[in-house]
Each structure stands twice: as C-alpha cells, then as structure tokens.
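Have a look at the structure below before the remarks.
Any read-out appearing in this document is the output of simple, stated calculations on the displayed coordinates, not a laboratory observation. In this text, all values refer to a predicted model and were calculated from it rather than measured experimentally. Here the Cβ positions follow ideal geometry from the backbone for every residue, glycine too, while neighbour counts run over all protein chains shown.
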Amino acid sequence: MSDEEHHFESSDAGASKTYPQQAGNIRKGGHIVIKGRPCKVVEVSTSKTGKHGHAKCHFVAIDIFTAKKLEDIVPSSHNCDVPHVNRIDYQLIDISENGFVSLLTDSGGTKDDLKLPTDDNLSALMKSGFEEGKDVVVSVMSSMGEEQICAVKEVGGGK
Amino acid sequence: MFNGIAGGGAEDLPQLQSTMRAIELACSYIQINTNPAAAEATILSLHQSPQPYKACRFILENSQVASARFQAAAAIKEAAIREWSFLSTEDKGGLISFCLGYVIQHANSSDAYVFSKVSSVAAQLMKRGWLEFTPAEKEVFFYQINQAILGSRGLDVQFIGIHFLESLVSEFSPSTSSAMSLPREFHENCRKSLEQNYLKTFYSWAQDAALSVTNKIVESNSDVPEVKVCNAALRLMHQILNWEFRYSKGGTKGSINVFSDGMRSDTASSRKTECVIVQPGASWCDVLLSSSHVGWLINLYSSLRQKFAFEGYWLDCPVAVSARKLIVQLCSLAGEVFPSNNAQMREQHLLLLLSGVLPWIDPPDVISKEIEEGRSGSEMIDGCRALLSIATVTTAVDFDRLLRSIRPFGTLTLLSLLMGEVVKVLLANSNDKETWSYEARDILLDTWTTLLASMDGSGGNAWLPPEGMHAAASLFSLIAESELKLASASATTDEDDADCLASVSAMDERLGSYALIARAAVDATVPFLTKLFSDRVARLHQGRGTVDPTETLEEVYSLLLIIGHVLADEGEGETALVPDALQTHFVDVVEAGNHPVVLLSSSIVKFAEQCLDANMRSSIFSPRLMEAVIWFLARWSFTYLMLVEDCNLGSNQLQSLPSRACLFTFFNEHNQGKFVLDIIVRISLTSLMSYPGEKDLQELTCHQLLHALVRRRNICFHLLSLDSWRNLANAFANDKSLFLLNGVSQRSLAQTLVLSAYGMRSSDASNQYVKDLMAHMTSSLVDLANNSDLKNLAQQPDIIMLVSCVLERLRGAASATEPRTQRAIYEMGLSVMNPVLRLLEVYKHESAVIYLLLKFVVDWVDGQISYLEAHETAGVVNFCMSLLQIYSSHNIGKISLSLSSTLLNEAKTEKYKDLRALLQLLSHLCSKDMVDFSSDSIETQSTNISQVVFFGLHIITPLITLELLKYPKLCFDYFSLISHMLEVYPETLAQLNSDAFNHVLTTVDFGLHQQDVDIVTMCLRALKALASYHYKETKAGNTGLGSHASGQTDPNGVFHEGILSRFLRKLLQFLLFEDYSTDLVSTAADALFPLILCEPNLYQGLGNELIEKQGW
C-alpha cells in the first residue's frame, strides 16, 4: 500500500493556511495566493523567458473575498502558495436586527459572527426564505483567516 | 405620396416638378445630414410608389442634382422589378431603351456614378425580361450597343457601350447578379443563354473596339482619350474570360442542375494565390487563338511599356494594369479551346505569352534591384502570376521546355533564379512585413508547389530534367540558408512566441512547399541538410559553456522543422508513406549505412539522445529545442520506424530497388528499430520528468509522440519488452514527479499506457497489465473516501490536486477501453463507484473536481456500456442515477454569490459544462439499446434503458434553465437527446406522469422557437415521432398518448387542450406567419402530416379560420 506516498492523516487541519504547489499545475478555476490574498484563477497563460528560456505562468486571479483583480508572473517550475479554502454548510436559524445571522453548526452549537451578505437581493432572499419558514442552508467560505457567506440554498419546507 | 403621378398623364407638369423638387431637397438633406430620417422616407416613398416611371424619367432628364438622378434611376429599377409582370411589353422595352438612350445621349457629361447606375438598371431590366423578349427584340437593343461600341458616335459613346456590356455580363454571372426574387432556374437559364449566344460576340466587340483605338495609342507619345476606351475593352475581356464557363462541352448537358454550386474541381486547395483556369470551350478558338489576339495584346503592352516614361503613363496606370491582368489570364487558358489534334498550338500560345512576360521578370537580379531602388513591383508580381498560371496548365517537364527555344536554359532555371532573388531580397528586408517580395515569394512558392505536387504523388516515376533538378537544389540551399539566417536573427527577439505546434502549423504550408522543392532534387538536398545539421551540432559542442548558444539553438530548431518536412509527410492519423522521391532516388546505394536518408535520420537521433545527459540538457537542450526534437521524432517515427512492409509501401514495382530495401529494413524490428525505439522512449521520459512546468513540451510528448507510437500495434509488442517502457509505466504508477504533469497530459499518458497493453500476448495478460498500472490510483481514491476525516482533509489543496490527478488518469484509462482490456477497466470503475459518490458529496463546492468526476464517469460509461451483461448494466445504471440525484440535490435552488461578476460568470460556465457532461452520460446510456455486445439473450430481463434515461432527464432538466440553454452546445446536446428519445421510445414518454410529460414538451416548444436550424429540426423530428406514434396506436385500437393527447379538464373545470392540438396550432402558426429557413420546410411538413392525421377536425377549423381572416 501507499503509506509512504500519500498521507491522508490530517496532521493538524487549518494549521497551515497555504500549501505549496507547482505554478505549472495551477489551473484556471483553481486557487492561488497573490500578494497575500486568497484568489481564484480566471486566466492562465504561459510564455517563455526568451526564446530558449524556461516557461513562466501569467496568472490573472480574483480575490475571493473582495473581488479585486490581481496578477502574477511565476516561473512554471517554481512553487506558488495555494490557499486552503474551506466551505461549510450551515442551517440558518436566525437573522438578528443588526444584520448578523445565527447559524447552526454540525456539533449543535451556533455560529453568530457573520453578517448578511452585502448584496441586497440575496440578503432579501435569505430574509424572506427565513420568514416563510423555509429551510435555508448557507455555505460559508473561509480561507486564510477570513470568512464570508458564499452561497444560499433553500431546501424546501415552509409553506 | 407620389401616387398621383402615374394616372396624371403628361399634363401635370407642375406635379412632376414638385416631385422632382421634393426628391432633390431630400437628397441634399441627406448630403448635409439634416433630418436624414425624413429625407430617407421621402426617397423611399418614391421607390415604393406604384408606376413612378414618368416622374423618374422627368427627374433624370431635367434635374440638375446628380444624386436625385441617381435615386430616380434606382426607383425605376426597384419599381420595374417589382411590377414587371404587370407591365406591358412596350413598357418593358420602353424602359430599357430609355435607360440605354439616356446613357448614350449624356455620354459626355460628368457624374460617372449616375451613368453606371443607369446602365446597370438597364442591364438588370434586360436580364429580367431576357427569357420573354424575342431574339428580334433583343437584336434591337444590341444593334444600338454595337453601333455605340464601333465608335462611329465618338469615344464617349464607345466607352458607354462597353461599360454597359460590363454591367450586363456581371448581372448574368451568378456570383455578381442582383436578387430578383425569382427562382434559381431563371438565373441559370439567363446565364446559359448568354454564355451560348452572346458572350463570344461581346468579346469580339471588345476586341474590335480595342483594335480601333490601338493605333492612336501606340502612335501618340502622351495620354490620349482613346486609352479610356482601350482600358474598358480590356476590362470587359478580362471579365468575360472570368466567366465560369459551363456549357462549353458541346452543349451536351441536357438539363440544368441548379443546385450544383458550380465549384471548379481543378482549384488546388492549399494555395494562397488564386489562379482560375480559363476553359471557354472549343468555339472560342477563333476569337482567342487564331486571330492573333495574343500577339496584339503583347505588342500593345510592350508599346505601353515604352511609354511609361511619358506623361499620363506609368507602370500602374489603369490600362497597363488591365493589359497585364488579361495577359496573366490568357496564360491559364486550357481545355477544348485548343484543338485536340494540334498540341503545337498550345505550346505556341504559351510561348508567345511567356516571351511577352519575360521582360517583366528577366534578368531577375536587375529587376529586383530596380524595384529596390523605387520602381513599382507590380509588373514583376504579375510576371510571377503569369508563371503560376502557366504552371497550372502544364506539367513540370513541359513548363521547363517552354523557355528553351528562346533561351539557353529552361523555365525551371528561370523560376529558381527568380525565386532565389526574391528570397535574398526578403532576407535583406526581413523586418518590413509589407514588401513586394513577400507576395512574390508566395506566388512563386505556389508555382513550385503546383509543378511539383503532381510529381510527388505520381509514384516517383516522374523526375525533373537534370537541369531542373539542379535549379531546385540550388534554390533549396538558398532557401534553407536564408531560413537559418532568419532563425538566428530572430533568436534574441523576445516576441510573444507561440508554442512549437502553433509555430509549426503557421509555417507548415511554407515548409511543405520547401519540402517539395527539396524532394525534387533529393540527391543533392538530403546530403546538404545532413551537412547543415552536423555543422550546427558541431558548433553547439565547440561553444559549450563559453558562447551563448541561443542563435545556434534557434538554427537547429528551424533545421529540425525543415528536415521533418522533407523526410516525412503529415500522416493526419493515417499511415504516412515514405515520400516517393526518397524511395526511388539514391539508386546506387547498396548499404544502409551509406543511405543519405539513414545518415540524416541517424545523426538526428544521435543528437537527440544526448538530452539524456543532465549536463547536456542544461547547456544545450532548452525546452524549445526539446519541443522541436519531440516533434521531429514523432513525425519521423511514424514514417520510418518499424515499418510493416506491405502497408508503408508505395507502389509495388519499386520493391526490387536495393537502395529502397536498405532504407526500409534499417529501422525495422530486426535491425536498428528496437534500439531507436528505446532511445525515443527514454527521451520521452526525460522530457516528462526533467522539464518541470514545461506544459507545451509535455503535451507534445504525450499527444504527438507517445500516443502515435501506441497507435501502431506492431510497435506495442516491442514497447512492452523494453526496460525503458517499464520504467515509464513504473514512474507513472509510483513516482510522485509525474503527478506534476498537467491534467491533460496525465490523461493522455494514462490512455497511452493502457493502449500499450495491446502488446501483451493474451487478453488475460493485457487485463493484468492494466490492473497493475491502475491499482495504485483506485486504491488511493478508496483510501481517501474511507478516511474518517475526509471532510476536512478533502479541502486541503494538496489533496485536491491529488484527487484531480487520479481522476484525470482514470478518465484517460477509461477512454482507452478496448475489447481486450475492457474487463480490467470495468473493474477499475467498479472499485471506485462508491468513492466517486462520496467525493461528489464532499467536493460539492469544488466545481473543478466535480467536473473531473463527471467526465470520468461519462467516459467510463461510454467505453463500457455496450459490453456489460444485464446485471452489470443494472449496477452501472443505478450508480449513474445516484450520481445524478446527488448532483441535482446539491445544485437545485442554489444561488452563488460573489462580488465579482467574472467569478459569477465562471460559475455559470462551470454549471453548463457539468450539465453537458450529464447529458452526455444519458446519451451514452441510450446507446446500450443500439449497440450491445453482451452475451445475454434478448429475453433476459434487462434494465429498461428508456425509462432510466427519462428518469435521468427528469432529475436534471430542472437544472437546465432557459438561461443555460443559451449555450449552443448544451442546447444542441439537450435537444438531440430529447429528439432521439422521442423518436425511439415514444411509448415510454406516454407512460410518464403528466408533470414530467409536460416538462419535456415545454422544452420542445421552447426549442421550436430557437434560431438554430438544427435545434428546430430536432424538435420537429420529435414532434413527428410523437404524432405518428399516437396515430398508429389509436388506429390499432390502443390509447396512444391517452389523456395527454385528448386534453383534460382540471379540477377548476378549465379544459386544457390536448398536446397534439396545441402543437398543430403552433406549427401552423409557425409555418404560415413566421420567418424560418427554407431548410426546415421538409422536416416541418413531415411533422405536420401526422399532426393533421391526429387532429383532422382542428386542422379543418384552423383552415376555415384562416380563410375567413383573409377574406376581405
């Protein structure tokens, strides 16, 4: 068996926020850290440094939290930092007056430190869904110490 | 607005004048851009008013405003074409003679565009009435024209007459005719009539007109007005010869095929320069050949040449350009126009032309010098075109012979000198992209291609004459040297360089032509290339570590591309034969070691082998050079490595040549073949392992080289016995560094390795080989899925990457399914079924992984489904349905949010790709009913595929929003699946519950309103199938679609019309009132018929309704 090749034991999940990965292997749609920010790659192009030089990758990426566009050029055999992006689903249990949401965690506790998304439509949708008594599931994306609600889904229920 | 004009009669002069003023005003408003909409409306109302002819004639004759006259002419045309069938014969003739008379009368005034317009109106009206006018009626018009062209009424009228014929010919030629809302037969009949009865007459009129002014032009030393007439006549002749002659074959064609598009079969495909062969047929012999027409034209041009120094003439003055064009065109004269018993006539004709053209291009060095000093290059380029035209209608040998009667050397030598000169100039001005030399080079290269391409495929029996070979050899060495100079000059420019494949394909055409030239003289060029190559390699070694090798590297790079083209053809998936020239030449070689091709190939392989050494790699083998090496090895090995005698053989008669035998056996399995194969595999492994991050190189290695090797069965046997191949397989299965390849290469490599299992001696061994190869991948997926901390673990980037790699490899292996390895691959998929579902769950937010998962399943099912036994099928089907359900439960009703619109769009695209994959999965499942290799007898209780697919559709259709159907590929996939299902399994549809049933039909309705003809066609086919099914079933006493068809009353008491009635209504609406492509008519009729049969009463009702509405 492959014990020595692939270690699946999570040594200490979350301890390292980023992982090294060869630049040539980071694809469109993957994640990358540029200027200390976790980003999603929207464009990769390769070129050579001089005709007979080595390949380098040109990344255009978008900050997953702020939506800012960032770019980077890295020799494709070098390593880049790839952020650990975690997404967890929670059931919405309350929306407070001051715009904070209350979410039910797996372990039965609550998570109360997130605000409604800034997008008006979506927060309205969450509110109306919640008020109609539907089961609303929100996905929370977290990476490099930041968190944000990234998707909403109504599972039904309610009338 | 202008309605009153027609009925008013001659007396309303004031009204005519007011109309004229209104139009004039509108025209001037448009010009100064004041209230253009109103002005346009005024003009439009003139165009659209009934019978505006009197007003228009009044304007044409009296208005001082040119644009008003122009509009009046346009209005005449539009109204007359529209009202043609209501006009009396006199009116028709009257309009035409008015237009003709008008241009002739006003011939000497200015405003040329008005005259062109009026004369084109006359031409169009004449064509409109062409088939109804009697010959006598036409004669009247043409008499008038002929008189004008004869010149008795002055030069201006002569010019107008010729100009009118030009309009007329272009109106009758299908590619330039204007639309008349008439059937194609009409245009085709007009064209036939003109070609058979008038075209030649027009040509001789143009000849006469040109002749009548020639003396004046030749004798005078300055610009004379006759030049204008001469130019027009030359243009008309050129235009007439451009006609696509079709009825020249003795008029044997009985009927007109209006749907054949008249493509000429002789136009060579890959040419850059257009060269149309002129084949007017036997009847033209007297006009073109026996009347010393060509001699006159050559003399005319040579006397024009002497006048270029004078005022009013220059190299590019219109008349000179037209004369040259006509000369070039006459060079490509061919076919029955030359009497078959008189071969000399043809040669005479070409010789005459060539001698006329010669001063334009000969001597090449003098001429190119003059051009570089500022003379226009157009004459020289026309000279090159003339050579191309001659090459198009002759063989290389005849071509070469032409010049011999007037020069001490053949035409090929001239061509070689000329092109050599052009290449030199090109090299000197390589920075400037828009020079004459580029154009000349392309034309001359086409000339060579034209001459040599026919020889290349002739089985190697046609050789150039020795002098021609010499010419080709010296030209090729010039070309090769200049390519190398260009390469070394470009080595340091850091332009945005594309990868090897792109640069090869960009240069491919050019290199292909160079290769033809090289192959025309292989005795000289192959040793020459060997020398060039060894020179460069020696230079690399000498300077190693001390001199910057970049320039030499770039030279070696180009050289590899050139040699690759000379030695081998692009196989394009087919077996590429050893080029004939390389097989048949070198007759005196008896020992393989001395064969020039063997020498050249070996020297390159030996050079490539050095990349295995790490020091050499770092100093010489740059990624770009490796790309060329890999490309070369791929191309070369496909043609030379381990040939199977009878399939890489050209023609059998050559078999006996000893030189050929040694070329063929040298790289076969008993000789050096295995040794070279081993080197190639080791080089491949090096390029995969030692060039981290060089994506292009790795893709080239996987796709072009390795993949091509395993496609050849006999090579697979040898591959499996090689240690190097075992090393590659081992590295693939166990070595982490191959995980660093990018996804596409991973997939391709897996596919390649699985395909190589064919080389095992038995099916069991093959299966075992695949199992060993993939065991590691499957077990790592299983381990991961069983890990208790999967949820957290899975999100780690390194795990995501590992999973992606493994999935790509599984997908590659799945797509390599062949009967021999099907079992192993089935088991591979079976063992990861549960992990796949598990991963689908944990990666629901990681769309990239999801897509890979889906694609793996799609390819696996595609490869396996037709082989599976009933119980296996059931398992696979259940697995697919769980997959669909899990996917759907994650995505339905999900709304992603992001501040970035780019990311949102990306998310949408990802969704689209997922859904497309799911639809493909369903289509693959469908194919089980079509192709089934399983051993089950038909009676075995098997899974009802149609129900499964409908169930699958039911799961995923809610995800397919109308928004997503805007992706054309998704839309296409969806509707092809739907139409297939309805056509093949209408009965299953009938059994669906009404929600599902309605959903399917709502999308069909949606599809009917798409723009894409294919989509609508598929929907119509679906409808046809549905209605036919219902009709047949009900006729047989069954229920058919039952309540779906009969309509039902809902709980609120509202009656819902049956589905067929609804579609009958919709389809009729569509056919009668909407715009649609004529391509749809037949399919729509096919759908309409069964609908009518099902609902005859409704159809009758609708018909009556329609008639009542129309009855006003």
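For the range A:18-83, the equivalent ellipsoid built from the Cα gyration tensor has semi-axes of 21, 12, 9 Å, listed from largest to smallest.
Normalised by 2.2 N^0.38 Å, with N the number of residues, the alpha-carbon radius of gyration of the range A:85-159 equals 1.03.
With a 10 Å Cβ neighbour count serving as the proxy for reagent exposure, in which order, fewest first, do B:Phe675, B:Phe607, B:Phe1073 appear?
Ordered by Cβ neighbours within 10 Å, fewest first: B:Phe1073, B:Phe675, B:Phe607.
Mean partner shielding of peptide B:900-908, defined as the number of other chain Cβ atoms within 10 Å of each residue Cβ, is 4. Dimensions of the range A:69-111 from C-alpha coordinates, computed as largest minus smallest value along each principal axis and given longest first, are 49, 25, 10 Å. Cα-based radius of gyration for the range B:89-246, normalised by 2.2 N^0.38 Å, reads 1.03.
Annotation: peptides B:973-984, B:281-292, ranked by per-residue average of other Cβ atoms within 10 Å with the highest first, follow the order B:973-984, B:281-292. The Cβ shell under 15 Å around B:His595 holds other residues with a net charge of -2, Lys and Arg each +1, Asp and Glu each -1. Mean per-residue shielding of peptide A:44-51 is 6, counting Cβ atoms of other chains within 10 Å of each Cβ. The mean number of Cβ atoms from other chains found within 10 Å of a Cβ in peptide A:20-27 is 6, as a whole number. A viscosity of 1.567 mPa s and a temperature of 4 °C, combined with the Kirkwood radius over Cα pairs in Stokes-Einstein, give a translational diffusion coefficient for chain B of 36 µm²/s. With each label modelled as a point 7 angstrom along the Cα→C-beta vector, the B:Ala538-B:Ser618 pair spans 2.8 nm. Mean separation of Cα pairs under 8 Å and 6 or more residues apart, divided by the residue count, gives chain B a relative contact order of 4 percent.
Report, in deg cm²/dmol and to the nearest 500, the calculated mean residue ellipticity at 222 nm for chain B, where each DSSP H run with n ≥ 4 adds -39500 (n - 2.57) and the sum is divided by the residue count. It lands at -22500 deg cm²/dmol.
Remark on the range A:35-149: hydrodynamic radius 16.8 angstrom, per the Kirkwood mean of 1/r across alpha carbon pairs. Each pair of Cα atoms in the range B:864-966 enters the Kirkwood radius, and Stokes-Einstein at 37 °C and 0.692 mPa s then converts it into a translational diffusion coefficient of 215 µm²/s.
Taking amide H positions as modeled 1.01 Å from N, with prolines and chain starts lacking one, the residues under 5 Å from A:Leu114 and 5 or more places away or on another chain are A:Val101.
Both numbers refer to the Cα atoms of the range B:736-869; Rg and Dmax are 14.4, 46 Å. Each peptide in B:626-638, A:22-34, B:131-143, B:16-28 receives the mean, over its residues, of other Cβ atoms within 10 Å, and ordering these scores from highest gives B:626-638, A:22-34, B:16-28, B:131-143.
Calculated translational diffusion coefficient of the range B:12-86 (10 °C, 1.306 mPa s; Stokes-Einstein with Kirkwood radius over alpha-carbon pairs) equals 130 µm²/s. Could you check how many percent of all C-alpha pairs in the range B:988-1110 are farther apart than 19 Å? Tail of the P(r) past 19 Å holds 49 percent of the pairs. A straight line joining the Cα centroids of the range B:92-132 and the range B:531-603 runs 66 Å. Among B:Lys77, B:Lys736, the ranking by other beta carbons within 10 Å of each residue's beta carbon, starting with the fewest, stands as B:Lys736, B:Lys77. Report note on the peptides B:67-75, B:1054-1062, B:105-113, B:419-427: ranked by the mean count of other C-beta atoms within 10 Å, highest first, their order is B:67-75, B:419-427, B:1054-1062, B:105-113. Contact order, relative form, for the range A:85-156: 32 percent (alpha carbon pairs under 8 Å, 6 or more residues apart, mean separation divided by residue count). Relative to the dominant Cα principal axis of chain A, helix A:120-131 is inclined by about 40°. Each Cα pair under 8 Å and six or more residues apart adds its sequence gap; the mean of these over the residue count of the range B:712-848 is a relative contact order of 33 percent. In the frame of its principal axes, the protein assembly as shown has Cα extents of 107, 95, 66 Å, reported largest first.
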